[in-house]
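Novice: Sharing a structure here in structure tokens format.
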Amino acid sequence: MVKADAFMRRATDETGLSVQIAAETNIPEFVSSFSFCSGLASLHVGRVRTLDLDVVPDDRPHALITGLPAKDEDPLKAEYLAGELAKQCRRDVD
């Protein structure tokens, strides 16, 4: 199970929560670019949008989940949305 903390946007992430577009990403190469990777989780854009959030490509294959408040901006909403995203996601790699 993926923890909600994985979807908490930091205040320094001014434009949104950073994500990759899986269909446009070489997954093994992407994972190997990290010194440590405990897993990979996927979200469906349509389901993200049911939370009144959006997924916006900025520099393909990179995208941002927008509309997600940072924890210090609106703690209750940030925690709720992070929890909902965690429930929606599917863990793909261990």
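The numbers here are math on the coordinates, done by the rules we state, and not lab data. Predicted, not measured: the structure shown is a model, and the values here were computed from it. We place every Cβ from the backbone using ideal geometry, glycine too, and count neighbours over all the protein chains shown.
Novice: Which loop trypsin sites (Lys or Arg not before Pro) in the chain, with loop taken from DSSP, have no more than 15 other Cβ atoms within 10 angstrom of their Cβ? Mind showing how you got there, number by number?
Specialist: On the way: sites: LYS3, ARG9, ARG10, ARG47, ARG49, LYS71, LYS77, LYS87, ARG90, ARG91; in loops: LYS3, ARG10, LYS71.
Sparse-neighbourhood loop trypsin sites (Lys or Arg not before Pro): LYS3, ARG10.
Novice: Quick one: putting +1 on the C-beta of Lys and Arg, -1 on the C-beta of Asp and Glu, what dipole do you get for the chain around its Cα centre, in Debye to the nearest 20?
Specialist: 340
Novice: Still on this structure: For the chain, with a Gaussian network of springs between Cα atoms less than 10 Å apart, report the residue from THR66, THR15, THR50 with the top mean-square fluctuation.
Specialist: Greatest mean-square fluctuation among the candidates belongs to THR50.
Novice: Report the local net charge at PHE7: Lys and Arg +1, Asp and Glu -1, summed over other residues whose C-beta lies under 12 Å from its C-beta.
Specialist: Working: positive: LYS3, ARG9, ARG10, LYS71, LYS87; negative: ASP5, ASP13, GLU79, GLU84.
It works out to a net charge of +1.
Novice: Taking the Cα atoms of the chain, report the difference between the largest and smallest coordinate on each principal axis, in whole Å and largest first.
Specialist: Reported extents, whole Å, longest axis first: 35, 28, 26.
Novice: Run through the chain and list the chymotrypsin sites (Phe, Trp or Tyr not before Pro) located in a DSSP loop whose Cβ has at most 15 other Cβ atoms within 10 Å. Present the calculation step by step, with values, prior to reporting the outcome.
Specialist: Working: sites: PHE7, PHE30, PHE34, PHE36, TYR80; in loops: PHE34, PHE36.
Here the chymotrypsin sites (Phe, Trp or Tyr not before Pro) that fit, given the DSSP loop and packing criteria, are PHE34, PHE36.
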